[in-house]
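Worksheet: one structure, shown below.
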Amino acid sequence: MAKHGKKFEAASKLIEHGKYYAPREAFPILKQAAHAKFDETVDVHMRLGVDPRHADQQVRGVVVLPSGTGKKIRILVFAEGEAARIAQEAGADVVGMDDIIAKIQTENWLEFDVAVAVQQVMGRVSRLGRILGSRGLMPNPKAGTLVQQPTDIPRVLTELRQGRVEFKVDKTSNLHVPIGKISFTADQLLVNFAALSDAVNRAKPASLKGQYIRRIAVTTTMGPGIWIDAMQATNMKAEQE
């Protein structure tokens, strides 16, 4: 069993072992327990009652976090002609087509966080499937990064910069989603958590029988985790309306 440092052990004492906290209780304690010298990321981990081996029990979606992510992202847009001009004017960090595809293929260039593409060029972008697919960087409609019309590019880039994140259940039926930084206020983290909880609930597979969200934990990069009451998390949206 791995040994933790004194700071981690001290932080752990702030959290009651075995307790499931209300969301509003959890984030002030999480902030108090943070002890790293850098701005730690706050992650939500959800254990779902789905079987991802079945196509009709996949859980995937996107959510725009109201408080943002606290991270500056680098956006690549695969486009040419008028679409490239629109992407450049919308503030994309890198815009290109065959030149960028060649750079990724020959130099393994991956200095971007999100890739967006226009539908018309996706045939050529698909050559990068093996490279981008395994890293979750391939533009796709479910993530909202494959756009039908060039005029959609500014909206997508704005949402990405404002805090648009993708979530997808993994092979072990878990979701792992960053919702901000520990420098955020507890209320900012709570609002982002509520938005994610609502989005995950709306992505519930119609074929699922039984409990959907089984367990929820929130953690920081270096700190201890806190269990959150799944029932209260599920009802957050209704309480706020």
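Every number here is computed from the coordinates shown, using simple stated rules; none is lab data. Please read all numbers here as calculations on a predicted model, not as lab measurements. Ideal geometry is used to build each Cβ from the backbone, glycine not excepted, and the neighbour counts take in all protein chains shown.
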Can you give the FRET efficiency for Arg135 and Lys71, using 1/(1 + (r/R0)^6), R0 = 25 Å, r = Cβ-Cβ distance, to the nearest 0.05?
0.90
Might you report the magnitude of the Cβ-based charge dipole of the chain about its Cα centre, with Lys and Arg at +1 and Asp and Glu at -1, to the nearest 20 debye?
780
Can you list the lysines whose alpha carbon sits under 21 Å from that of Lys6, skipping same-chain ones fewer than 8 residues off?
Lys31, Lys37
P(r) of the range 162-216 over all Cα-Cα pairs, 5 Å bins starting at 0, rounded to whole percent, reads 4, 15, 27, 25, 15, 9, 4, 1
What percent antiparallel are the DSSP beta bridges of the chain, to the nearest 5?
70
Just how large is the dipole of the range 1-107 about the Cα centre, in debye to the nearest 20, putting +1 at every Lys and Arg Cβ and -1 at every Asp and Glu Cβ?
880
Eight or more residues apart or on different chains, and alpha-carbon atoms under 24 Å: count the Lys pairs in the range 98-241 matching that.
14
Descending Cα extents along the principal axes, the range 75-162, whole Å:
30, 25, 22
Length-normalised contact order for the range 1-148 - Cα pairs under 8 Å, 6+ apart - percent
18
Picking from Ala230, Ala206, Ala217, which is most flexible by a Gaussian network model of the chain using Cα springs under 10 Å?
Ala206
If you bin every alpha carbon distance in the range 1-141 into 5 Å steps from zero, what whole percent lands in each bin?
2, 7, 12, 14, 13, 11, 13, 11, 8, 6, 3, 0
What the Cα atoms of the chain span along the principal axes, largest first and in whole Å, is 58, 45, 40
Can you sort Lys204, Lys19, Lys72 so the residue with the fewest Cβ neighbours within 10 Å comes first?
Lys72, Lys19, Lys204
